[in-house]
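Participant: Quick one: structure below, then a few questions.
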Amino acid sequence: MMLPTHAVVGLALAAPLLVLAPDLSTAALTGALLGSVFPDLDLYAGHRRTLHYPVIYTALAVPAAVAAFVIASPLVVGIAAFLVGAAVHCRMDRYGGGLELRPWEGTSEKAVYDHVRGRWRRPKRWIEYDGSPGDLLLLASLGVPLLFVLEGPFRLVVVVCLAVGTIYVVLRRRLAAIAPTVFAYVPDRLARYVPERYRP
Ligand SMILES: [Zn+2]
């Protein structure tokens, strides 16, 4: 799924704390937002592998959530929310498409790398691919209600996610068509940062 969807899912996971524990909700929303975006910082260096740890984030998130429940300090809640966000991100990547330039063709069996088992997990394609109409539907169905629930900077993040996500979905196939041409002009010394699927 696309990054705006990951971000909005993270915010949606933390949103119940606005009611359940309002004084911890800012920490939870911040942590969950950062955690749900964090794995994709590996976009240009081993995407869905370098910072994607489907098993390890989950294994850390469970005790962290228990600790947050017991200790209930903003720091512990923020860390727990970060780990939950990152774990859910990696899980979502499995439910989407594979790692390839034109994921709607469905030729890649790489969804997310499992460092514990030492192999790639296969895409389930419940959401066909990142930037697909189904991806936009998921983004909108969570993002629009959040506009009424969240305030301040978090609401702004949702507005930006909805706008960027919509544009990305509209342009998704065209971007895939021009990407190899654009990346062909990248200087040799930077070429190793170009994801494999974009190399002409
Ligand atoms: Zn990802």
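The values are calculated or read from the model by the stated rules, or taken from the named source; none is laboratory data. Everything quoted here is computed from the prediction, not taken from an experiment. When we count neighbours, we look across all protein chains shown, and the Cβ atoms used for this are built from the backbone with ideal geometry, even at glycine. Each accessible area value is taken on the protein alone, full model and side chains, heavy atoms only, with ligands, DNA and RNA left out. Shrake-Rupley method; radii C 1.70, N 1.55, O 1.52, S 1.80 Å.
Participant: Could you list, ordered by first residue, the pairs with Cβ atoms under 8 Å in which the first is in the stretch 101-117 and in contact (Cβ under 8 Å) with a residue 24 or more places away in the chain and open to solvent by 10 Å² or more (accessible area, probe 1.4 Å) and the second is polar (S, T, N, Q) and assigned to a loop (DSSP other than H, G, I, E, B), at least 6 apart or interchain?
Facilitator: TRP104/SER132
Participant: Inside the stretch 26-57, can you point out the residues that are among the polar types (S, T, N, Q), open to solvent by less than 10 Å² (accessible area, probe 1.4 Å) and under 15 Å from ARG155 (Cα atoms)? Working first, answer last.
Facilitator: First, the residues of the stretch 26-57 that are among the polar types (S, T, N, Q): 26, 30, 36, 50.
Checking the rest, the ones that are also open to solvent by less than 10 Å² (accessible area, probe 1.4 Å) come to 36.
Result: no residue meets the conditions.
Participant: Oh, and also: For the stretch 122-165, what are the residues that are open to solvent by less than 30 Å² (accessible area, probe 1.4 Å), part of a loop (DSSP other than H, G, I, E, B) and closer than 24 Å to PRO22 by Cβ?
Facilitator: LEU150
Participant: Could you grab the pairs with beta carbons closer than 6 Å, sequence gap of 6+ or different chains, first residue in the stretch 175-189 and within 14 Å of GLY131 (Cβ to Cβ), second one part of a loop (DSSP other than H, G, I, E, B)?
Facilitator: ALA176/LEU101; ALA176/ARG102
Participant: Can ARG102 be described as in contact with a Pro (Cβ under 7 Å, 6 or more places away or on another chain) and of a type in the set (Lys, Arg)? Walk me through it before giving the result.
Facilitator: Numbers: in contact with a Pro (Cβ under 7 Å, 6 or more places away or on another chain): no; of a type in the set (Lys, Arg): yes.
The answer is no for ARG102.
Participant: Which ones in the stretch 161-174 are of a type in the set (Val, Ile, Thr) and in contact (Cβ under 8 Å) with a residue 12 or more places away in the chain? Step through it out loud before you land on a result.
Facilitator: Restricting attention to the stretch 161-174, the residues satisfying the condition of being of a type in the set (Val, Ile, Thr) are 164, 166-167, 169-170.
VAL164, THR166, VAL169 - these are the residues of the stretch 161-174 that are of a type in the set (Val, Ile, Thr) and in contact (Cβ under 8 Å) with a residue 12 or more places away in the chain.
For every residue, the table says whether it meets (1) within 16 Å of GLY143 (Cα to Cα); (2) within 13 Å of the chain's Cα centre (by Cα); (3) of a type in the set (Asp, Glu).
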{"residue": "HIS6", "(1), (2), (3)": "yes, yes, no"}
{"residue": "LEU24", "(1), (2), (3)": "no, no, no"}
{"residue": "GLY31", "(1), (2), (3)": "no, no, no"}
{"residue": "GLY35", "(1), (2), (3)": "no, yes, no"}
{"residue": "ALA61", "(1), (2), (3)": "no, no, no"}
{"residue": "ALA72", "(1), (2), (3)": "no, no, no"}
